[in-house]
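J.: Following this message is one structure expressed as structure tokens.
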Amino acid sequence: MSKIKAPKGAPYARILGVGGYRPVRVVPNEVILEKIDSSDEWIRSRSGIETRHWANDEETVAAMAIEASGKAIADAGITADQIGAVVVSTVSHFKQTPAIATEIADKLGTHKAAAFDISAGCAGFGYGLTLAKGMITEGSAEHVLVIGVERLSDLTDLEDRATAFLFGDGAGAVVVGPSDEPRIGPTVWGSEGDKSETIKQTVSWNELHAGDVSKLPLDSEGNVKFPAITQEGQAVFRWAVFEMAKIAQQALDAAGITADDLDVFIPHQANVRIIDSMVKTLKLPEHVTVARDIRTTGNTSAASIPLAMERLLATGEAKSGDTALIIGFGAGLVYAASVVTLP
Ligand SMILES: CC(C)(COP(=O)(O)OP(=O)(O)OC[C@H]1O[C@@H](n2cnc3c(N)ncnc32)[C@H](O)[C@@H]1OP(=O)(O)O)[C@@H](O)C(=O)NCCC(=O)NCCS
């Protein structure tokens, strides 16, 4: 018989608070059109995006994450020293090691909280939330800070007309804590690595370092381009529209509710046409509030769901206690969906 004590956690977990940070600079489509042959009308009608935010030099990954986290901690009504773990989902922190989470945990004033980064693209928030739920019910942390933060403007090729208009910068954070009732439903998640080539970084850091110009992408003036995110737009679009609605439905089924029981739908903000198509396939009733934050935020990858959540609550379009379906999907390809109660 094992002598090891069983861990003791809370019966369930819930989101206690949310916070967001959007960079000061608002970038309209006109700025994007300086480098690509396109039009404001095309970008709006094909993606839904009107403006996005781009970070300045001071708005680093850590700085944006700290701003969003401070708001989430205040919203949760706790103090930073009560946080037992900090999970940061990002693909745009440019140091392989150490994780940016440790700096964020320290600067926020946590008491030596466990801290680590995860790389799960645009599903990163859902992956982090799932880990947080596990830590709380297993007992290794009472409160977990889950942050999605991106400076995708650093990884955008402004001469690539397939992606130049899509991406934005920002940070969203939630505090997850104990609950007496289930307030975060089962996660439906997974990966399809056979499609990993459909969204990827153009060249790896070591290919860039090797500097073999014959193998590196060059800009219109012949200079080596910094690595950027590239995607097969149509293939990703079809996958998102056909496969992700099924995953969203599975998350509803797993939570034991139907679309009629929902108040809010917060899908990853990748393209307003993907959002509209999912709403139709899931047959969401009129009363369900749908996040369309993409219009003024663009695609901020791991930050998109918490940023959209924060805005819906701040504008009063959603309210505390509402039942929301969240689904993230992206590079990997990976996905994660669940039903949550809004903080
Ligand atoms: C990127 C995206 C908006 C492009 O929209 P689309 O309707 O698929 O566009 P297509 O690539 O099929 O191109 C359609 C036409 O527009 C043209 N086009 C492509 N980019 C353009 C641009 N920026 N401006 C104007 N025209 C453009 C193409 O050349 C093509 O012209 P043609 O019909 O004469 O050949 C869309 O594919 C998308 O959102 N994909 C998924 C993104 C996503 O979910 N990413 C997840 C990452 S987390």
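Conditions tested, residue by residue: (1) polar (S, T, N, Q); (2) surrounded by fewer than 18 Cβ atoms within 10 Å (Cβ to Cβ).
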| residue | (1), (2) |
| --- | --- |
| Ile83 | no, no |
| Thr97 | yes, yes |
| Ile104 | no, no |
| Lys107 | no, yes |
| Ala113 | no, no |
| Ala120 | no, no |
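J.: Going through Ile266, Ile275, Ile294 one at a time, which residue ends up being within 13 Å of Ile326 (Cα to Cα), within 11 Å of the ligand (Cβ to nearest atom), buried (at least 20 other Cβ atoms within 10 Å of the Cβ) and under 16 Å from the mean Cα position of the chain (by Cα)? Give the derivation first.
T.: Working: Ile266 fails: within 11 Å of the ligand (Cβ to nearest atom); Ile294 fails: within 13 Å of Ile326 (Cα to Cα).
After applying the criteria, what remains is Ile275.
J.: In addition: Across the stretch 155-213, what is the total count of residues that are of a type outside the set (A, V, I, L, M) and within 30 Å of Pro343 (Cβ to Cβ)?
T.: 18
J.: Can you pull out every residue in the stretch 191-217 that is in contact with a strand residue (DSSP E or B) (Cβ under 8 Å, 6 or more places away or on another chain), farther than 18 Å from Ser301 by Cβ and not β-branched (Val, Ile, Thr)?
T.: Once the filter is applied, which keeps residues that are in contact with a strand residue (DSSP E or B) (Cβ under 8 Å, 6 or more places away or on another chain), farther than 18 Å from Ser301 by Cβ and not β-branched (Val, Ile, Thr), the stretch 191-217 yields Leu208, Gly211, Leu216, Pro217.
J.: Taking the residues in the stretch 1-23 that are surrounded by 10 or more Cβ atoms within 10 Å (Cβ to Cβ) and of a type in the set (A, V, I, L, M, F, W, C) as candidates, determine which candidate is nearest to Lys71 (Cα to Cα).
T.: Going through the qualifying residues, I end up with Val18.
J.: How many residues does the stretch 4-23 contain that are farther than 21 Å from Val144 by Cα and either within 16 Å of the ligand (Cβ to nearest atom) or in contact with a strand residue (DSSP E or B) (Cβ under 8 Å, 6 or more places away or on another chain) (or both)?
T.: Applying the first criterion (farther than 21 Å from Val144 by Cα) to the stretch 4-23 yields 4-5, 22-23.
Then keep just the ones that are either within 16 Å of the ligand (Cβ to nearest atom) or in contact with a strand residue (DSSP E or B) (Cβ under 8 Å, 6 or more places away or on another chain) (or both); that gives 22-23.
The qualifying residues number 2.
J.: Can you name the helices (runs of 4 or more DSSP H) wholly within the stretch 51-150 that have at least 1 residues being among the polar types (S, T, N, Q) and within 13 Å of Pro306 (Cβ to Cβ)?
T.: Counting at least 1 such residues, we get 61-76.
J.: Further, regarding this structure: Could you pull out the residue among Ala68, Ala63 that is free of Cβ contacts under 8 Å to residues at least 12 places away in the same chain and touching a Phe, Trp or Tyr at 6+ places or on another chain (Cβ under 9 Å)?
T.: Working: Ala68 fails: free of Cβ contacts under 8 Å to residues at least 12 places away in the same chain.
Step by step, each of Ala68, Ala63 is checked, and only Ala63 is free of Cβ contacts under 8 Å to residues at least 12 places away in the same chain and touching a Phe, Trp or Tyr at 6+ places or on another chain (Cβ under 9 Å).
J.: For the stretch 108-157, how many residues are under 20 Å from Glu67 (Cα atoms), small (Gly, Ala, Ser) and touching a helix residue (DSSP H, G or I) at 6+ places or on another chain (Cβ under 7 Å)?
T.: 5
J.: Of the residues Ala240, Ala235, Ala255, Ala251, which single one is within 13 Å of the ligand (Cβ to nearest atom) and buried (at least 17 other Cβ atoms within 10 Å of the Cβ)? Show your work before the answer.
T.: Numbers: Ala235 fails: buried (at least 17 other Cβ atoms within 10 Å of the Cβ); Ala255 fails: within 13 Å of the ligand (Cβ to nearest atom); Ala251 fails: within 13 Å of the ligand (Cβ to nearest atom).
Result: Ala240 is the single residue among Ala240, Ala235, Ala255, Ala251 that is within 13 Å of the ligand (Cβ to nearest atom) and buried (at least 17 other Cβ atoms within 10 Å of the Cβ).
J.: Right, something else. Taking the residues in the stretch 24-50 that are polar (S, T, N, Q) and crowded, with 17+ Cβ neighbours inside 10 Å as candidates, determine which candidate is nearest to the ligand (Cβ to nearest atom). Give the steps one after another, and end with the answer.
T.: Step one: of the stretch 24-50, the residues polar (S, T, N, Q) are 29, 38-39, 45, 47.
The next check asks that each one be crowded, with 17+ Cβ neighbours inside 10 Å; those that pass are 29, 47.
Numbers: Asn29: 10, Ser47: 4 Å.
Applying the filter and picking the extreme gives Ser47.
J.: Same structure, new question: With the requirement that a residue be aromatic (Phe, Trp, Tyr) and part of a loop (DSSP other than H, G, I, E, B), what does the stretch 151-167 give you?
T.: As a first pass, look at the stretch 151-167 and keep what is aromatic (Phe, Trp, Tyr): 165, 167.
The one that is aromatic (Phe, Trp, Tyr) and part of a loop (DSSP other than H, G, I, E, B): Phe165.
J.: Does Gly84 qualify as being over 24 Å from Pro98 (Cα atoms) and either away from the ligand (no atom under 16 Å from the Cβ) or under 25 Å from the mean Cα position of the chain (by Cα) (or both)?
T.: no
J.: Might you let me know whether the stretch 297-307 holds any residue that is part of a loop (DSSP other than H, G, I, E, B) and farther than 23 Å from Val188 by Cβ?
T.: So far as the stretch 297-307 goes, yes, one or more of its residues are part of a loop (DSSP other than H, G, I, E, B) and farther than 23 Å from Val188 by Cβ.
Rule-based calculations on the coordinates, nothing more; no lab input. These numbers come from a predicted model, not from an experiment. Heads up, the Cβs are rebuilt from the backbone with ideal geometry, glycines too, and the neighbour counts pull from every protein chain shown.
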